[in-house]
Each structure stands twice: as C-alpha cells, then as structure tokens.
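*Asks:* I am attaching a structure below and will ask some questions about it afterwards.
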Amino acid sequence: MSRDLGATVLIVDDETYVRESLAALLARRGCEVRTAGSAREALADEMLDGLDVVVTDLKMPGEDGGELLRRLVRIAPDLPVIVLTGHGTVRSAVDCLKAGAAEYLLKPVDPDELVLVLERTLGQAGLRREVELLRRGADGALPARVAAPGSDAGGGRGRGGSAAAPLGETEAWRRVLEMAETVAPTDTAILLLGESGTGKEEVAKHIHRMSRRADGPFVPVNCAAIPTDLFESEFFGHKRGSFTGALQDRVGRFKVAHRGTLLLDEVDALPGPAQAKVLRVLQDGRFERVGDSRPTTADVRLISATNSDLHAAVEAGSFRADLYYRINVMTIHLPPLRERPEDVPILAEAFLRPVAAQVGKRIRGIEPDALEALRSYRWPGNVRELRNVIERGVVLESSERLRRRSLPEEVRRADATGPPLDLRGSLLAEERRLLETALERAGGVRRRAAEMLGIDERNVSYFLKKHGLGNR
C-alpha cells in the first residue's frame, strides 16, 4: 500500500458526486482537499494559495478544463495539473499535454491509478523544486549549499546496506555512526554538535540515506548565510506580487524538503522571529507563504547542526528553550579530528585519488613520512582542512606519490614538536570519566550523581547527552 500523499489538492468538476468521491478518496490518503464546481471558482486566490496539484474535469459548462489549464499555466507555471475526462480522444490528450498538463486520465478513473499518478506528479514537482533551488544557488540568488562528495567528512565504506558511511575507524567515530544508524529509521529530530569541519553535513546525509525518506530530497540550509529580511521568503516561499521584487512565485526550503530531510546548519544563527516561525512548522507541519492567505503543508524530517553551545544560548536567552527541546530530541556529538588521529591516514588516502583526478595528475599514494606529518598535525580546521591540504599537496606534487615536501610548512613541522598537547580533549575525557564514575557509585540515580559531582541535577542530562550516554 502506498504511503500518505500529504499534499494539498484542488478538485474541479461540475458534478457534485465526482467531487465528493474524489475528495473522500484523497482525504483517506492524507491530502488536504479543496473542491470547485467551475473554472471560475477554481481561479479564486483563496483556492490557489498553497496548492500542490490540481485535478480537473475537461468538459464543464462555461470555461472548460482546457481553458482552466491554459490560465493556470500562465499564472502558476509550477502548479501541476491533471486532466480527467469521460470523453477522451487522442487529439484532446495531445492538446492538453501540449498546453502543459502533467497527466491525462479517462473517467471513470481507477482509484489506485489516480493515487499512483498523483504520487508520480508530486515527485516530479519535487524534483523541479530541487532543480530550481540549485539554480538559484548557482546564480548567487540565495545561499544554498549542495556539498560535493568528500567536501566535508568524505564518503566511503558501506555500512548498513548500500549507503556509504563517512569514513573513520576510531572508537569515537564508530559511536557516532552507530548512533546515527540507530536513529535514522525514525523521524526523530536530531541535533549534531561539533566543531566546524568535523563532518556534520556528511553525517546528516548518511542519516538521510539510511532513513525511510531516502528517496526524498536532502536540503541543507546554512542559517547564518540568510539575511534576516529574506528569511521568511527563503524558508517558506512567497507569492508573486506579495512584495516589491516578487516577480514570480517562489517555493521555500521547507516545501522543497517535503517528504525528505531538512538540515538546518548553524541553527544557532536563527534570529528570534525566525525561531518562532520554525517552531510552528515543526509543531503542525503548516505554514503560509509570504502573501498567501491559505496554509501550505510540508512533511520534513529535521536535522539541526551547530558548533556552538546551544544550552548556553538558551540560558543566555538568545535561543528559544521550546525550539531547543524540539530540535534536541537526540544529540550526536562529532569529535574533532585531533581526537581521532588514527583516521587521518584513512581520510587522506580517500581524498587523494579523486582530487588527483580532478586536477589531472597520476598520484597513487602518500609517502610514510608525509602520513606521519599528517597524523601529528592538530587540524584546527578538522576534516575540511585535511581535504584542502591534500588538494594543495596534489597541485604541488610532481611525482606519483604525495611527499612531505609538498605539504604546508605547519604540517611538515608537526611531528617534530612531539605529540600534540590537547588540553580540551583531555578535559573532555576526564569529564566523561567523572560522570561515569559518579553514576556507577550512585547506582544510576541521577540526583545522587549530581550531588557527588557538585552540579545541579538538571545539568546531568545535558552532560549525558554531550558524551553520548543519554540512555543511562
């Protein structure tokens, strides 16, 4: 059985029983249904606001379905129209498809066939929205980021079926992937925490690939890159003519991500008014485009990411507590690369060949002394910096193996200064040890553990999530 369509559908037919029967069928499939008895009624603004698809009869008194189709193509070119008719001919089918109809079906329509056609039509509309999003990003019209493979944490060895997991063999990274793969099949909201460049977007992609939404879109949004005055239009879309410069309808990111995954990167950068609007969408899946009088629906799985302490932002009053708890159902902490030095050679080798192919060089490996230098470096820019260093080295290298001499000076000098002194990493390890010891001595009772540690009981949950111990 097909899943719910989750779409807003307008049914146009002059026969009441047809409207009612189709409306009942589509309502059972999770649709919000509007009905109109004529083309004139269908063209009212309140009917068209927030629509996903129109299903119209062809033969109607007054303006028929063909004229309605042509007018809809002019005023709402991105709105798909499915034509139904009880008097079909090859000529009328050709005319309707040439005029812009998405599909042409004969009455009486089989219910299963109509649902399948609607699923296909909505899927094609979703693909067009993704293409438009990419086009707008390429034109510089909005800060859409579609990461190239390997641009953050890299892709590689398969885990959990055909999905390729971000590379890494250390225990800390295995814990990240295990938690990601555990929560992926659910629709639970996830908060990814980690320094810039640790691979948060790649982990989010991996969760999407492992989820039931894998066939839907993955839409990453850099919240810090969207100007406050454009936020509502970019996230929720707008209607043509709703403000100066709105020359055509625009679909927002939430609608592009319908039946897929939306990644809010740098979520801490959301301004206060934007936080309230996002919270409302997460609560009921409905929002209004700028200039629309009717709500639009969107079914998205939300993943948020930040390199900031959101808990501290809540305490400081700069981030809404209700939104924080909404997006922080499950927390995954990504370790910095300096805490997983054993993964550096794996990642470096994974980056080498595609980068070499990109610049047109035949470099087949990395010399041992170069690998040692890479392993010893602290990587303040994490995995992203490692990829950039590999690319720089490949550009400078003249042999078939990447040599130490082609690496930046700060990387070449790294292993000469001895093991890195990682105060932050050491403090985190000690923090985790104390937390585990207190819980063990307290028999798992958080209140007693908090007393031993000299902290408020409410903070115990925060530290448990921080160290991936939330199930204790």
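*Asks:* Hey, among 367, 349, 342, which residue is touching a strand residue (DSSP E or B) at 6+ places or on another chain (Cβ under 7 Å) and within 25 Å of residue 196 (Cα to Cα)?
*Replies:* 349
*Asks:* Follow-up. Would you tally the residues in region 383-412 being outside any helix (DSSP H, G or I) and surrounded by 15 or more Cβ atoms within 10 Å (Cβ to Cβ)?
*Replies:* 5
*Asks:* Given the options 66, 30, 6, 62, name the one that is exposed (fewer than 15 other Cβ atoms within 10 Å of the Cβ), of a type in the set (Gly, Ala, Ser) and either in contact with a Leu (Cβ under 8 Å, 6 or more places away or on another chain) or closer than 23 Å to residue 126 by Cβ (or both).
*Replies:* 30
*Asks:* Taking residue 345, is it surrounded by fewer than 21 Cβ atoms within 10 Å (Cβ to Cβ), in a helix (DSSP H, G or I), free of Cβ contacts under 8 Å to residues at least 40 places away in the same chain and not charged (D, E, K, R)?
*Replies:* Here the answer is yes, as residue 345 does meet what is asked.
*Asks:* Kindly provide the set of residues from region 106-119 that are surrounded by fewer than 18 Cβ atoms within 10 Å (Cβ to Cβ) and in contact (Cβ under 8 Å) with a residue 12 or more places away in the chain, ordered by number.
*Replies:* Those that are surrounded by fewer than 18 Cβ atoms within 10 Å (Cβ to Cβ) and in contact (Cβ under 8 Å) with a residue 12 or more places away in the chain: 106, 107, 108, 111, 116, 119.
*Asks:* On to the next question. Exactly one condition in (1) at pLDDT 85 or above; (2) closer than 21 Å to residue 122 by Cα is false for residue 37; which is it?
*Replies:* Status for residue 37: all satisfied but (2).
*Asks:* Hey, does region 376-395 have a residue that's among the basic types (Lys, Arg) and within 28 Å of the chain's Cα centre (by Cα)?
*Replies:* yes
*Asks:* Look through 241, 237, 260 and report the one residue that is at pLDDT below 85 and more than 25 Å from residue 272 (Cβ to Cβ).
*Replies:* None of the others qualify; the one that does is 241.
The values are calculated or read from the model by the stated rules, or taken from the named source; none is laboratory data. Keep in mind the model is a prediction, meaning the values are calculated, not measured. So basically every Cβ, Gly included, is an ideal-geometry build from the backbone, and we count neighbours across all protein chains shown.
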